[in-house]
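Structure first, commentary second.
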Amino acid sequence: MRVAEQLHVITHPNGIHMRVAGKLSAYANEYSGEIELHDKINKCYVNSKNPLNIMLFALEFGQEITIHVSGDNALQTIAEVKSLL
């Protein structure tokens with residue numbers, strides 16, 4: 001099992017909204033490993049398999065997060081997650 005992390009800044013002016021959370025959750029549920037979003041400033045993280053959890057995470061424009069992936073093709077998965085965000 002591979003593990004990878006990468007920083008990402010939220011660039012959408014409205015932050016992460018329900019449509020994006022739904023797409024990310026659908027992608028995460030198809031992935032065999034785990035995809036987590038970490039906020040090191042607030043010291044919390046969310047598993048991205050549940051769109052409601054992503055929405056409750058309240059990611060805003062300009063916020064810096066760490067995408068943490070554990071599983072096969074971790075680097076490719078991070079690239080896919082970044083394209084969804």
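Only the coordinates and a few stated rules stand behind these numbers; no lab work does. Everything quoted here is computed from the prediction, not taken from an experiment. Cβ: placed from backbone, ideal geometry, glycine included. Neighbour counts: every protein chain shown.
Extension gain, Leu7 to Ala26: 0.36 nm times the residue separation minus the Cα-Cα distance gives 4.7 nm.
Seen from Gly33, the other residues with C-beta closer than 15 Å to its C-beta sum to a net charge of -4, counting Lys and Arg as +1 and Asp and Glu as -1.
Neighbour counting of Cβ atoms within 10 Å sorts the residues Ser70, Ser83, Ser48, fewest neighbours leading, into Ser83, Ser70, Ser48. Of all lysines in the structure, those lying under 18 Å Cα to Cα from Lys82, and not within fewer than 8 positions of it along the same chain, are Lys23, Lys40, Lys49. For Leu52, neighbours were defined as the other residues whose beta-carbon sits under 15 Å from its Cβ, and their charges (Lys and Arg +1, Asp and Glu -1) total +3. Counting neighbouring beta carbons within 10 Å and listing from fewest to most, the residues Val3, Val81 come out as Val3, Val81. Net charge of the neighbourhood of Val81, taken over other residues with C-beta under 14 Å away and scored Lys/Arg +1, Asp/Glu -1, is -2.
With the simple spin-label model, which puts each label point 7 Å out from Cα in the Cβ direction, the Leu75 to Asn14 separation comes to 3.5 nm.
Relative to its residue count, segment 26-71 spans a Cα convex hull of 69 Å³ per residue. Our analysis of segment 3-84 gives Rg over Rh at 0.92, with the two radii drawn from alpha carbon positions and Rh computed by the Kirkwood formula. Summarised as an ellipsoid, segment 7-49 has semi-axes of 18, 15, 8 Å, derived from the eigenvalues of the Cα gyration tensor scaled by 5 and square-rooted, with the largest first.
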